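Written below as structure tokens is the structure these notes are about.
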Amino acid sequence: MLNISDSVKRNDFDDKIEGRALYAGDLRDRDMLYARIYRSQRQRARIREIRLPRLPEGYEVLDYHNIPGINRVPIVYDDQPFLAEGEVNYIGEPILLVLGRDRDVINGIMSEITIEYEDLEAINTIEESILKPYVYCFADDNSKIEYSFTRGDPDLHIDRAEKVFQDRFHTGYQEHAYLEPHSFTCEVVDDNIVVHGSMQCPYYVVEGIKRAFGWDESRIRVIQQPTGGGFGGKEDYPSIPAILCALGAIMTGKPVQLVYDREEDIISTTKRHPSDIRIKSYLDANNSIIAMDIDVRLDGGAYAGLSSVVLQRTIFSATGVYNIENLKVRGGAYATNKVVSSAFRGFGGPQALFAIEMHMENIALALDMDPLEFKREHFLRDGDLSSTQGEFRNRIKLDEIAEMVDKDSGYSLKRGSTGKEGETLRGIGLSIFDHGCGFTGAGEADLLKSKVRLMKYADGTVEIFVSSAEIGQGVQTTLGKIVSQELGIPLERVVHNYPDTRYCPDSGPTVASRTVLIVGRLLQECAMEMKKRWDEEEVEIIKVYRYPHDLAWDNETFMGNAYPEYSWGANVVEIHIDPATYKVEVDGIWTVYDIGTPIDMKIVQGQIEGGLVQGFGYGLMEEFDCINGSPRQKSLTTYVIPSSRDFPKPSIRLFENPRRKGPFGASGLGELPIVGVAPAIASAVQNALGKKVCRIPVTPEYIRELMEDGN
Amino acid sequence: MEIKFTLNGEQVTIIDEPTRRLLDVLRDNLGLTGAKEGCGEGECGSCAVLMDGRLVNSCMVPAFTVEDRDILTIEGFRDQERFKAISRGFEKAGSVQCGFCTPGFVMAAEALLRQNPHPTEEEIIAAIEGNLCRCTGYSMIVEGIMIASREGDGLW
């Protein structure tokens, strides 16, 4: 039997490298119609009148009246329409669907549609949203979602404090920039709707169709096609193009394809939440933090999307890897008339970790202490509780991780000799971080109730049926390995196709670093039971997730285990700054991760390297902003993501710390590699400049501002 | 307009607007969907093909300019020995994740190795600069091309 961590050939490798894998936009049919979405050009307005040109035969324009059921995207709150109903709340919001055979003719129709708007006062910032909370349709109370929680007795300890340190940090938007824009192809077959698409969560789409058309689930079939990257951008958002594409197919009776072009994808689809985070720490005479007060504000955009859950993760992660026994945390997500902020790899973690890591470093520097030493003194250790007072179910290895990354990178040695070297400024920075894996709180049990199905056929092959989507992260390979290893059969005898809701039960969305941890564990349990019944000709095993006895969560007070499992890591980044261009050049990247047992080293390496580079983009390069709700970056030329030249190959080390509950000891991985990158870079820049870095991305313009800002 | 060119070793004739993009000709007129549209403005390389042995972004090539040219796409290249070497390199290095950019990177690797069968790491990094990947972080693709060059020695 091979070691589970040894790499195997991915089961999607041949199709992808040979160009045979059919993405949703590659599907062709003689009768197929194309669809395009006509979008709002106004930030916030009432629609007075829509004037359509005379339509050639075979061309149609649909609006919200054509949606027979509930015109609301089913996600946490029912606030976002599939097609605007007389009012628009952001530039790029879908209003009409234009259908026909020829894309040029469709574009002609699009250019001749005119809409008379009555502009309404628009909100651009969190501050404006708080001052004028009356103008929205966002979540339940129209303009905001707010939470708070406390731990210990913060007020008592705040009064006793000898020293107080405070910081305020801002983080920007991030666009997912998956290489494949949103794509769907739908058709009606025998009175059923069949949806082929690029997505992370096939059952979110099923739910959307049930809602929008009032159809019974038995008439809805959603099939995930090979998906050209997701990163959270294809979690909740695909419900919109999927339902609009299905609407076209249902109304015309013909196959319909809806593929976004890059500009509309960047303008109109979800982004990572911009944040404004304030942290105040209270220290005793021994320089120990005895209390913390944290205030988090997220820019939610026009509709609530997943803002509530992202906000929860941001506030639960706000103390990072430190044991803060007296704590006050408040958080809000606020409506603005801009593109919707929602899920993005890390899901609120990157904002929180940037703030806490920089704040801890700033306190250390103010106390004239080594940042790593100061952090180490506050590390979570075995027996400590999380910010929400949950127990950690596995050993915490932060000391070992920190020591390993320090040794590998020479951080402590180099830190003394950074700064000016000739004209060049050199710096080295460090971050230590964690990521809660799985759905927040008791979501796995209360909301998802994941179900998986494993079949053994007469010929001895075994087939996996789950709704987990292969979005590049290798899930079809890792889940197959878990099953084959448990059954003791060759991997070639385990079949795993792309999810098709006709055959695959709802094993939950492909998000939250939960697939290997939760779905993989359930499959392993199926395989254990199947092994006992191996002599039977055909065996079907179905398992449903049950909330473990040793976890507890109170969703009212936010107390207990905020996540079922945690992964941990450390990053060190060495940089220099070109004094002429103010550009940060990264010279070295050292990383250490504790992800339990790695399930396939190659796949793990791919997740780590890709997450790191996406994190470098977030921390250094990727700028997205709006002027009066209009995105300034509308293409991959202006929204610049990392290329092959931008960052060196990282050093990666894994700290083996098998988990009790994960399959073969595995924990979650997908998000962890992105959450700690920005603070490591910002810390390195801060070290090079001798100035506080308070926002990301750390662009050349920002560095110039810092350098020209006196002392 | 009638446009004749060589596609994957065979003569083809298409009738279409002269300004139609080569990418649309390949995907819509000829049903070859290996080249993908990632950006539509020559920035990402997902639609890369070889034109007379040179790497081009087919979304930036008007159809009339391919008259009498030789076009190689992933569908033609995948049967060649050199493809197999690149494929083996990519497999060993773990260069493929979501796969959407992959055919473009394979064509970029072929264009490089035709010019320079033994590239250094820096030369590979420069050669794939015009291809964007959001999954891998690139170093595993660089390694894949390096392995292909080494193990496919003599093919280029």
remark   = Taking R0 as 22 Å and r as the Cβ-Cβ distance between B:Arg150 and A:Asp587, the FRET efficiency 1/(1 + (r/R0)^6), rounded to the nearest 0.05, comes to 0.25
message = Less than 10 Å Cβ to Cβ from A:Ile126, Lys/Arg counted +1 and Asp/Glu -1: what total charge do the surrounding residues give?
response = -2
query = Measuring from label point to label point, each 7 Å out along Cα→Cβ, what is the B:Thr19 to A:Glu423 span in nm?
reply = 4.6
task = Rank the residues A:Asp500, A:Asp459 as a footprinting-exposure proxy: fewest other Cβ atoms within 10 Å of their Cβ go first.
result = A:Asp459, A:Asp500
key: Subset of A:Lys234/A:Lys449; A:Lys456/B:Lys84; A:Lys338/A:Lys375; A:Lys210/A:Lys532; A:Lys531/A:Lys661 violating a 28 Å alpha-carbon distance limit   = A:Lys456/B:Lys84; A:Lys338/A:Lys375; A:Lys210/A:Lys532
Residue-span extension gain [A:Asp261 to A:Lys634] - 0.36 nm each, minus C-alpha spacing = 133.2 nm
task = Would you mind getting me the FRET efficiency between A:Thr557 and A:Lys692? Use the beta-carbon distance for r and R0 = 45 Å, nearest 0.05.
result = 0.80
Cα-Cα P(r), the range B:2-74, percent of pairs per 10 Å interval = 22, 62, 15
task = Working from the alpha-carbon coordinates of the range B:57-111, get Rg over Rh, Rh being the Kirkwood radius.
result = 1.03
inquiry  = Quick check on chain A: take the gyration tensor over C-alpha atoms, sort the square-rooted eigenvalues as a ≥ b ≥ c, and tell me if it's rounded (a/c under 1.5), prolate or oblate.
reply    = oblate
task = Quote the relative contact order of the range B:80-151 in percent (integer), defining contacts as alpha-carbon pairs under 8 Å separated by 6+ residues.
result = 55
task = Just rank A:Cys201, B:Cys133, A:Cys504, fewest to most, by other beta-carbon atoms within 10 angstrom.
result = A:Cys504, A:Cys201, B:Cys133
key: Net +/- balance of residues flanking B:Arg150 in space, Cβ distance below 13 Å, scoring K and R +1, D and E -1   = -2
remark   = Ranked output for segments A:104-111, A:84-91 by mean other Cβ atoms within 10 Å, highest leading, reads A:84-91, A:104-111
note = P(r) over all Cα-Cα pairs of the range A:533-603, 10 Å bins from 0 to the longest distance, whole percent per bin, short to long, reads 12, 19, 22, 21, 15, 7, 3, 0
query = For A:Ser468, A:Ser643, what's the fewest-to-most ordering of other Cβ within 10 Å of each Cβ?
reply = A:Ser643, A:Ser468
key: Inter-chain shielding of A:174-187 (mean C-beta neighbours from other protein chains, 10 Å cut-off)   = 3
message = Between the range A:219-295 and the range A:178-194, how far is it from one alpha carbon centroid to the other, in angstrom?
response = 19
ask   = Which FRET efficiency, nearest 0.05, do A:Asp190 and A:Asp550 yield, Cβ-Cβ r, R0 51 Å?
value = 0.60
request  = Calculate one ³J(HN,Hα) per residue across the range A:423-433 by plugging θ = phi - 60° into the Karplus curve 6.51 cos²θ - 1.76 cosθ + 1.60, and present them in order as whole Hz with x for glycine and proline.
outcome  = 8, 7, 9, 10, x, 9, x, 9, 9, 10, 8
key: Added length on full extension, which subtracts the Cα-Cα distance from 0.36 nm per residue, A:Glu540 to A:Arg704   = 52.7 nm
message = Using the Karplus curve 6.51 cos²θ - 1.76 cosθ + 1.60 with θ = phi - 60°, what ³J(HN,Hα) values do you get for each residue of the range A:247-257, in whole Hz, with x for Gly and Pro?
response = 4, x, 5, 5, 6, 9, x, 10, x, 10, 10
query = What are the ³J(HN,Hα) values, in whole Hz, obtained from phi via the Karplus relation 6.51 cos²θ - 1.76 cosθ + 1.60 with θ = phi - 60°, for each residue of the range B:118-127 in sequence order, with x given for Gly and Pro?
reply = 10, x, 7, 4, 5, 5, 5, 4, 5, 5
note = Zone reached by a paramagnetic label modelled 7 Å from A:Ser288 Cα along Cα→Cβ, restricted to the range A:339-368 with backbone N below 18 Å, covers A:364
query = Kirkwood hydrodynamic radius of the range A:443-544 from all distinct Cα pairs, in Å?
reply = 13.4
Spacing of the two label points (7 Å from each Cα toward its C-beta) at A:Asp216 and A:Asp29, in nm = 2.3
query = To the nearest 20 debye, what is the magnitude of the charge dipole of the range A:443-544 about its Cα centre, counting +1 on the Cβ of each Lys and Arg and -1 on the Cβ of each Asp and Glu?
reply = 280
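Quick note: the coordinates plus some simple rules give every number you see, no bench work behind them. These numbers come from a predicted model, not from an experiment. Note: ideal-geometry Cβ built from the backbone for every residue, glycine included; neighbour counts use all protein chains shown.
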